[in-house]
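Read-outs: derived from the displayed coordinates by stated rules, not from any lab. This structure is a prediction, so every number in the text was calculated from the model and none was measured. Methodologically, a virtual Cβ is constructed for each residue, glycine included, from the backbone with ideal geometry; neighbour enumeration extends over all protein chains shown.
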Amino acid sequence: MKAIFDPRQLDHAPEAYFRRGATMPHPEQPRRAILIRDMLAENGFPIEPPRDHGLDPIRAVHDPDYVNFLQDAHARFRADVGEGPLAIPTAHPGPRRGQRPKDIHGQMGWWLTDTSTELTAGTWDAIYWSAQSAIEAATRVAGGERAVYALSRPPGHHAMAAAANGFCFFNNACIAAHHLTQRFGKVALLDIDVHTGNGSLDILWDRNDIFYASLHADPAVYPTFYLGHADETGTGTCRNIVLPLGADQDMVLEALDGALAQIRNFGAEALVVSLGFDMAADDPLAAVQVHADGFAEMARRIAGLGLPLVLVQEGGYLGPSLAVNAQAFLTACRDVL
Ligand SMILES: [Zn+2]
């Protein structure tokens, strides 16, 4: 199984994160990808850079005006305020009535829905190549490779069609899933990040050619709060499988079995996985209790479906076991193929 990664994905370097009223170092650091990349190399996974597939596969999922905004937003912010201040919006539109603003500060509030998507000098390059890695993986699987892992960073599953959210700018997994529909009639997206894939729900809500199943901690009491409840099914092809806070590994595996059964029933011909490792018991954003052997078992069950497989990296933060869990999952997956 090959891995896809471009070093420009390290160029996004957010500093500050606001959580529960406190400022802290931003959890979505380049080091996350460095640790996983080094683990891949040590375990014999070939790592290749993506080709440049251009903006069309990204615009197929995201509002072109949003894509255009991201391309030069950081430069426009710097031109207005100079060096120093963090490029984080401080004014948000609330209900989206009114006109899309022209002013950079108005636009930042319009397109960046929370304070976690700080723009930095390298953000555009990082998110562009993160998306290209996912597109490259999908292109290879559409071309006949059994499984490919995209080390996409920054992550993507909170990014909506026309808004950044929760560390995410481009929804890499949805871009990959949409790309696969050009080759496969029915595609499934399975999301095992501990957070609701609220961006993926936003993008896939009205689609019946992509089945979305997400396992995540209860959004009534855990981010992302506003979406991901069990009764939110879009037009019938979205499934939110809610885990109680503190759920143990057996509960997570049982929930996974339910999601895999539904993917089978849908008749999926290919599978994308939003692969978060923040279900880890020692993740800094921990909400449930999965350990390395649990990640390996999840991989065996997912790969055991026998479908063409695109793995797209999502969350998983700088806890002690990030690389260990990534190794457990990816080597177990490789062993099944
Ligand atoms: Zn997450």
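Structure values in brief
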item: The stretch 295-329-the stretch 109-160 distance, computed between alpha-carbon centres (Å); result: 17 Å
item: The stretch 93-216 - charge dipole about Cα centre, Lys and Arg +1 at Cβ, Asp and Glu -1, debye rounded to 20; result: 280 debye
item: DSSP beta bridges in the chain [antiparallel fraction, %, rounded to 5]; result: 20 percent
item: Where chymotrypsin sites (Phe, Trp or Tyr not before Pro) in DSSP loops with at most 14 other Cβ within 10 Å are excluded, longest remaining stretch of the chain; result: 1-224
item: Summed side-chain charge close to C174 - residues other than C174 whose Cβ falls under 12 Å, Lys, Arg +1, Asp, Glu -1; result: -2
item: Sequence-distant residues sharing a close amide H with G316 (under 5 Å, placed H); result: F277, D278
item: Total charge dipole magnitude, the stretch 55-148, about the Cα centre, Cβ charges on Lys, Arg, Asp, Glu only, Debye to nearest 20; result: 280 debye
item: Neighbourhood net charge (14 Å Cβ-Cβ; Lys/Arg +1, Asp/Glu -1) for A121; result: -3
item: Span from the the stretch 190-223 Cα centroid across to the the stretch 232-288 one, whole angstrom; result: 9 Å
item: Summed side-chain charge close to D193 - residues other than D193 whose Cβ falls under 9 Å, Lys, Arg +1, Asp, Glu -1; result: -3
item: Rounded to the nearest 20 debye, dipole of the chain from Cβ charges on Lys, Arg, Asp, Glu; result: 580 debye
item: Three semi-axes of the equivalent ellipsoid, the stretch 2-111, Cα gyration tensor, whole Å, largest first; result: 31, 20, 13
item: Within the stretch 7-111, trypsin sites (Lys or Arg not before Pro) in DSSP loop having at most 14 other beta-carbon neighbours inside 10 Å; result: R20, R51, R96, R97, K102
item: For D191, residues with placed amide H under 5 Å, excluding near neighbours; result: A213, S214, L215, S274
